[in-house]
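Report on the following structure.
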């Protein structure tokens, strides 16, 4: 299941984080990072998914 979440995180980083943690602080941080730059959003999303 983590592989599917990582693929989703590459395509839509906030969705991948949402599937992992819900509406927690990491989700809102990922939205901010994705708006500031797509690559930081991807890196953060993959980190959150791999960490948990």
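Quick note: the coordinates plus some simple rules give every number you see, no bench work behind them. In this text the structure is predicted, and so the values were computed from the model without any measurement. Quick reminder, even Gly has a Cβ in these numbers, built from the backbone with ideal geometry, and neighbours come from all protein chains shown.
If the segment from residue 11 to residue 31 were pulled out straight at 0.36 nm per residue, it would be longer than the present Cα-Cα gap by 5.9 nm.
Summary value for the chain: 41 percent relative contact order, contacts being C-alpha pairs under 8 angstrom separated by 6+ residues.
Descending by average beta-carbon neighbour count within 10 Å, the peptides 26-32, 36-42 line up as 26-32, 36-42, the highest first. What the Cα convex hull of region 2-51 gives, in volume per residue, is 53 Å³. Taking only DSSP H segments of four or more residues, each worth -39500 (n - 2.57), what value at 222 nm results for the chain once the sum is divided by all its residues, to the nearest 500 deg cm²/dmol? Helix-only estimate at 222 nm: -26500 deg cm²/dmol.
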